[in-house]
Amino acid sequence: MQVPSYDLNLDELCFGLSTFGLPAAANCNLIRSSSNSIAADTLESRIRALECDIIGAPEGKAIDSNEHAAILRARYDVEKKKCYSASWKWVPSNYYDMDLEQRAKLLGAHSKMQLCKALLFENKNFSVVGDYDRRNSQFYLVIVQYGAEIISKSLEVEVRALLPLQERLEQSKYEFRLASADDNNRLTGYVKNSVTPFGLLGKETVPIILASAIKREINFMFMGGGHVDLKLGMAVQEFIRATNAFVLDISVTRS
């Protein structure tokens, strides 16, 4: 039997084990030595058990191999970037049937305005100008509060203003729209309602934009955690530092 490949390599798995208080060195040595002496199916089951310990999924939660890989990728990136305020919380499968106040209470948030989402936007009028520049990218992952809405025109104006005046492109070169599902899957690696800014597949070409209202109004935020039923909480200032996010005035509170 061939052992299936995982997006997370062994070193990353070991790092995750140590992060969650498990004896990483001992476990990783066990995996390495066992790989030469035990049946592949036994090795696979042991690795899967260790992964389950890392992600902390509720007992009986059905998670397939792709979901495992996505969660582990997000967690590894959070730990690699030393986000010490990070807090992971599993929510029930009916989470999105709840109103924002109920979701906030479930997460232990003080306000529904702490609940945020990550949306991939594409500049439909994008044109390449020289080498890649994160200030002029075709795609941006935008973080906004659920209790607010993104103003497309403001997004276009703010992104254009990232470039120095003498380098700015014509306003007609900007038209932001939500990216397609295919582009979202290709660049983030996460499905709808699970998208997190950590562990992006296209991290080199997808800069992060944080709505300035988040920095102005709250100190701690909640967002997707790599699985539809997993949420990630983090201090706003630490998020900005870890993701090198642009903080732009692009949203208004919903009435």
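No lab work stands behind these numbers, since they all come straight from the coordinates. This structure is a prediction, so every number in the text was calculated from the model and none was measured. Ideal geometry is used to build each Cβ from the backbone, glycine not excepted, and the neighbour counts take in all protein chains shown.
See the values below:
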item: Packing-based ranking, highest mean first, of 96-104, 246-254, 182-190 given that Cβ atoms within 10 Å are counted; result: 182-190, 246-254, 96-104
item: Residues Ile240, Ile55, Ile71, sorted so that the one with the fewest Cβ neighbours within 10 Å comes first; result: Ile240, Ile55, Ile71
item: At R0 = 35 Å, FRET efficiency that the Cβ-Cβ distance of Lys124 and Thr42 yields, to 0.05; result: 0.10
item: Residues listed by number, the range 154-183, amide nitrogen under 17 Å from Tyr132 label point at 7 Å toward C-beta; result: 183
item: Counting all C-alpha pairs of the range 96-252, share separated by more than 20 Å (%); result: 48 percent
item: 5 angstrom amide H check on Ile250, placed H, neighbours 5+ away; result: Ser212, Ala213
item: Three-way shape call for the range 47-186 based on the alpha-carbon gyration tensor, with the a/c threshold at 1.5; result: prolate
item: Neighbour net charge for Ser172 - beta-carbon separation under 14 angstrom, K R +1, D E -1; result: +2
item: Distance between modelled label sites at Glu170 and Ser154, nm, 7 Å Cα→Cβ extension; result: 2.7 nm
